[in-house]
Amino acid sequence: MNERLEQAGVPLLAVFGEQDQIYAAHEALRAYAKVTGSQTRLIPDAGHAPNVEQPRVLAQLILAFSAPADPGGERRHEERSSR
């Protein structure tokens with residue numbers, strides 16, 4: 001892990017496919033755990049391209065992560081139905 005990334009001081013969402021054959025998910029989770037304020041997520045039934053294999057799941061994770069914080073400091077996300 002790049003030491004500069006560990007000291008960036010900005011929110012970070014790291015998303016990996018659970019079946020990624022190129023970048024081992026358990027190693028990624030361990031590496032990003034060192035980054036203060038980071039969140040790591042594994043997407044089931046996805047490999048190295050979760051944006052292609054599970055685009056809706058990835059979109060939900062990004063929306064939840066980027067939702068504004070409530071006054072208590074917690075991030076909030078209101079799900080909207082596409083129906």
Top-ranked residue in region 1-49 [being assigned to a helix (DSSP H, G or I) and closer than 22 Å to Gln60 by Cβ; ranked as modelled with the highest pLDDT]: Tyr32
Filtering region 50-83 down to residues that are at pLDDT 65 or above and assigned to a loop (DSSP other than H, G, I, E, B), which residue is surrounded by the fewest Cβ atoms within 10 Å (Cβ to Cβ)? Pro68
How many residues are of a type outside the set (S, T, N, Q) and surrounded by 13 or more Cβ atoms within 10 Å (Cβ to Cβ) if we restrict to region 12-32? 13
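The values are calculated or read from the model by the stated rules, or taken from the named source; none is laboratory data. For clarity, every value in this text was computed on a predicted model and none was experimentally measured. All Cβ positions, glycine included, derive from the backbone under ideal geometry; neighbour counts span all protein chains shown.
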